[in-house]
Each structure stands twice: as structure tokens, then as C-alpha cells.
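The values are calculated or read from the model by the stated rules, or taken from the named source; none is laboratory data. These numbers were taken from a predicted model, which means no experiment stands behind them. In this analysis, Cβ positions are derived from the backbone assuming ideal geometry, glycine residues included, and neighbour counts consider all displayed protein chains.
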Amino acid sequence: MSNGVQAFREPRVKTAQTTLTTIIAILIALLAGIAYLIRSYGIGATPPGEAGYESVLSQLTAAVEGRGVLYFVTTVSILAVLALSANTSFVDFPRLCRAIAEKGYLPYPFTIKGRRLVFSFGVYTLTFLASLLLIVFKGVTDRLIPLFAVGAFMAFTLSQAGMVVHWKRAAGVGARTSMLVNGLGALATGLTVCVVIVAKFTEGAWITVLAIPGLMVLMSAVRRHYDMIGRETSSRTPERLKGISPPIVVLPLQRWSRVAEKAMRFAYTLSQNVWVLHIAPEEQKGEPRRDDLIAVWDEYVEKPTQQAGYQPPELVVMRSPYRVVLTPILEYILELEGKYPDRQVAVLVPELVERRWYYYLLHNQRATTLKLMLYLKGNGRIIVINVPWYLRS
């Protein structure tokens, strides 16, 4: 109710209060009626997870209505109510995570709405956690009651304590009485939390004892990380455009192709200083191996570049006797970056873009691996740029 006040018609607060009061009255009547009938029929709980287990509501329904059609109608109705109760969690938990994430205490993806206009990341997280609990407790939901009791009564305690602080600040007519009522409520629910933790500690309550402080530590760490990013990236100075030098462009190529030509054309839009890195196999019988790129370099690259009035790129051929490709490229880029401390290094990574995801299984992933290595080993002066080639067939 507290999270859905905005969904009520005007006056929203009064309508929500009336609705909540009605729900509480219905719950009191149901609970009192169930307690009376259980006592009248002498029904007791059976050990959960063991042979012959039957819930109290199932026993009560069978005692009142028998095992006929009404029994199954009632059971299905209870299942539907429980499903709706679970839906409440899937609606409100993502909203709660969104509110916490907006304060910086949870990852930012919790604030993003998916295509179905729900906070998808929160739904996925709740699904994973709920499934994990069911697996750990082997599907016996009765064993989850201690977890629910600690979490629910702790929420009640915090909300009542918050109302005490609210009435203390309000200091209006009736504030002292309201503060006393909420204080008694906080005390009662707080004592209940302590009793449940002590009595049900070995039956699952220990999880909340560890999880709640762990979540607080985790959320504090997330907030510190976002604060650190804000401090490191914030700027209070105007844009500085003086003394800008074009970057040094590094283009790893294995052979000459239309993909390589596209990357080369883009390289010259950035700078006249272009380095082409080529990994050649081990020399054989004293003669260097003539592969495609080296064979066509003069005709397809150097001469056309000069004719266009550009400075020809520098071809760097590196030998790799063990067919190691990425490590020599990474080492050369880092060496080049250290040789020119006053300039940025732009690494162009040509790669194919397939129309179907499973086609990627037919290619090596050197481009992706190289980008990852540059992200991990590089620094602020190394810029990685994708040059995609979209396959039409």
C-alpha cells in the first residue's frame, strides 16, 4: 500500500488509508476464523519436508468441506492468492532497488526500465535470489518462515522507529501521543526480531543475520565507488583546445582486404602518423615468408598513399615464431605510447559484424581479446576504436 499510494484516486492518502484499514480488518477476521476452526477440529501442524506432510489450511479445508470439488477449488484459490502475493514482491522489489540505486547505493542498471516498462534488472535479481533460496531449502517453504519473520519484523521496527523521529520533528498537536504509540510498536517488533533470531537461528535465521550487515557493507562500497568516480571525472575548468596534437594511429593488419582498406581510410581522417602492425610467421630456410600484406604493400598501400598526397604509413613487421599474435602487438603499442608521452595513441581494431550470433563461432575472437588487453594494460592516452565491417550475406 505504501508504495502504491500514487495509484489511488483523490484524495489519495485517505483512500489508501481506508483500503489498508479494510484489508487489515479482513485479515483479522480470516485469522480469527481459522484459529477458531483449528481449535474446534483439533488440527495441528505436521513436520514440513517429511512423509505425510500437509499444511494446516489443507487439513482445515478437508475437515470442513471434505475432499470433493470444493476442496480443490479452495486449494487453487489459495494458490492464486499466494501467486498474487509473490507478484507484489516482483512489482515492489524492483521499485525499491530503483529508489536505492538513485541514491547511489546500488548499481545504476537497477534504475533502467526494460522494454516491458518494468525495472528488468531488479526482476532478474529477485528471480535469481528466490530460485537460489528454493534450491538451498529444497522447496520446503516452511523453512523460509524464519527468514520472512526476521525481514518483515525488522522492516516494521525500522518504519515505526522512523515514525518516532517524524513525530519528534513535527512537534504538533497529538505528536507526543503518536510518538508514544509508534515507539511501543517499534519496541514490540524489535523484541519479536530478537526472539525469532534466537529461537530460529539454526533453522535459517542465521542467513538474515549475515545477509543484512553484508548488504549494508556492499551498498556502502557501491556508494563509495560512485563517489570516487564522481571525484575523479568531475571538472570545473573550461574546455582546453590549445596545443592539440593529432594522435598516433596504430592499425594491426594480418592481410590486405576491403576491411583493411576501410580501416586505413579512417586512420587518415585522424592523423598522418599511421603505424601498421603485421605479425609474420617464423622465417623458414633463411628466407622471409612473403604473405599477402607484404607482397602487395607497395602497390596497394604505399604508392596510392603518396599519390593522394598523404604520408605513407609505416609498416612494422614483427616475427612470432610461436604464432603468438596479440602479445607482440600489445607490447609494441605500450612501447610506442611510452616513446611519445605528449601524444595520444589511437588503436584501430577492424572486425567483422555477422548477421547471426552463431556465425561468430566460425571466427577467432582476437579483436575482442586485443581490446580487452588494451583496456586492462593501457592508460588514459591509449584510445581503442572499433572499425566494423558489416557482412551482407
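The table below lists the values:
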quantity	calculated
Options V276, V259: the member that is at negative phi and touching a Phe, Trp or Tyr at 6+ places or on another chain (Cβ under 8 Å)	V259
Single match in A29, A45, A25, A16 (criterion: hydrophobic (A, V, I, L, M, F, W, C), touching a Ser or Thr at 6+ places or on another chain (Cβ under 9 Å) and over 29 Å from G139 (Cα atoms))	A16
Region 111-128, residues that are without any contact (Cβ under 8 Å) to a residue 24 or more places away in the chain and touching a Cys at 6+ places or on another chain (Cβ under 9 Å)	T111
Some residue of region 357-380 being among the β-branched types (V, I, T) and within 21 Å of L270 (Cα to Cα)	no
Selection count, region 335-384, where residues are surrounded by 14 or more Cβ atoms within 10 Å (Cβ to Cβ), under 27 Å from G243 (Cα atoms) and without any contact (Cβ under 8 Å) to a residue 60 or more places away in the chain	6
So T233, is it under 31 Å from the mean Cα position of the chain (by Cα), more than 21 Å from L132 (Cα to Cα), at pLDDT 90 or above and not acidic (D, E)	no
Selection status of A149, touching a helix residue (DSSP H, G or I) at 6+ places or on another chain (Cβ under 8 Å), in a helix (DSSP H, G or I) and more than 17 Å from T208 (Cα to Cα)	no
Output for region 101-125, where each listed residue is surrounded by fewer than 17 Cβ atoms within 10 Å (Cβ to Cβ) and in a helix (DSSP H, G or I)	E102, Y108, P109, S120, Y124
Qualifying positions in region 241-284 - assigned to a strand (DSSP E or B) and touching a residue at least 60 places away in the same chain (Cβ under 8 Å)	I248, V249, V250, L251, P252, W275
Identity of the residue in region 228-259, of a type in the set (A, V, I, L, M, F, W, C) and in contact with a helix residue (DSSP H, G or I) (Cβ under 8 Å, 6 or more places away or on another chain), that ends up surrounded by the fewest Cβ atoms within 10 Å (Cβ to Cβ)	W256
Qualifying residues in region 297-333 (those that are of a type in the set (D, E) and under 47 Å from the mean Cα position of the chain (by Cα)) - the one nearest to S257 (Cα to Cα)	E314
Close pairs from region 191-203: first under 20 Å from P48 (Cα atoms), partner surrounded by 14 or more Cβ atoms within 10 Å (Cβ to Cβ) and among the charged types (D, E, K, R), Cβ under 8 Å, at least 6 apart	E203/R143
Selection from region 36-60 of residues that are over 27 Å from E203 (Cβ atoms) and either surrounded by 11 or more Cβ atoms within 10 Å (Cβ to Cβ) or among the acidic types (D, E) (or both)	L37, S40, Y41
Region 128-151, residues that are among the charged types (D, E, K, R) and surrounded by 15 or more Cβ atoms within 10 Å (Cβ to Cβ)	D142, R143
Single residue of F148, F156 found to be modelled with pLDDT of 90 or more and either closer than 22 Å to F93 by Cα or in contact with a Ser or Thr (Cβ under 8 Å, 6 or more places away or on another chain) (or both)	F156
